[in-house]
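The values are calculated or read from the model by the stated rules, or taken from the named source; none is laboratory data. Since this is a predicted model, take the numbers as computed values, not measurements. Here the Cβ is made from the backbone with ideal geometry for all residues, glycine too, and neighbour counts use every protein chain on show. All accessible areas refer to the heavy atoms of the entire protein, side chains included, with ligands and DNA or RNA removed. Shrake-Rupley method; radii C 1.70, N 1.55, O 1.52, S 1.80 Å.
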Amino acid sequence: DVVLKLTADINFAGKTWTPVDSHADSAFEIAEINGNGHTISNMTINGQAMFRRFAGSGDVVVKDITFDNATVNSTSINTSILTVQSYQNVLLDNVDVKNSAINGGYKVAPLIATVYNESSSTVTATLKNCDVEIVTVKATSYDFCTAGMVAFVYADDNDKIEFENCTVKDVKLIAPDDGYKA
């Protein structure tokens, strides 16, 4: 299980990020990204998200990182700056997004936490101390359109979704119909 630790701010000005598909290589399962309070800025993503399927078979944690001035362009499901998927618990803690634009098909949001529970144990998708500010979120399809941040759990009634101390401020949601914004 890979642990990534940022040791400095990263400026992607003039570069395009190619999304990483962690399902393509089962040896590449990320357990944690620790931003150590650093910022990733000026990132352009032509694809679903920074990690197309950021995944782990165990718990996945992303913490203490800010994404500033990111642009994401896709026509796919789960379009975001950061989509975290796992088969156990997912925790996004102190992950902030500001001054950004996300354009996608459906299930479009700056931050998405998803858990696919294939066990009998209880799992949780948690967003804690996350802030989204000055972001435009646009969806082109009707299915589960746009939101400031999203958590999904695909399992049974005992599993949980938790939001703790999170804010969404100055976010513009654009969808084919007003009923598909959250």
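Which of the residues that make up segment 86-106 are open to solvent by 20 Å² or more (accessible area, probe 1.4 Å) and not acidic (Asp, Glu)? Can you show your working first?
Kept after step one, since they are open to solvent by 20 Å² or more (accessible area, probe 1.4 Å), are these residues of segment 86-106: 87-89, 91, 93-94, 96, 98-99, 101, 103, 106.
If the condition is that a residue be open to solvent by 20 Å² or more (accessible area, probe 1.4 Å) and not acidic (Asp, Glu), then Tyr87, Gln88, Asn89, Leu91, Asn94, Lys98, Asn99, Ala101, Asn103, Tyr106 are the ones that fit.
Rundown of residues vs (1) within 16 Å of the chain's Cα centre (by Cα); (2) at pLDDT below 80; (3) within 19 Å of Phe152 (Cα to Cα), yes/no style:
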site: Asp25; (1), (2), (3): no, yes, no
site: Phe28; (1), (2), (3): no, yes, no
site: Phe54; (1), (2), (3): yes, yes, yes
site: Asp59; (1), (2), (3): yes, no, yes
site: Val72; (1), (2), (3): yes, no, no
site: Gly105; (1), (2), (3): yes, no, yes
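May I ask you to list the residues in segment 101-120 that are hydroxyl-bearing (Ser, Thr, Tyr), in contact (Cβ under 8 Å) with a residue 24 or more places away in the chain and within 24 Å of Ala31 (Cβ to Cβ)? Full working, then the answer.
Step one: filter segment 101-120 for residues hydroxyl-bearing (Ser, Thr, Tyr), giving 106, 114, 116, 119-120.
Applying the additional criterion that residues be in contact (Cβ under 8 Å) with a residue 24 or more places away in the chain yields 106, 114, 116, 119.
The answer is Thr114, Tyr116, Ser119.
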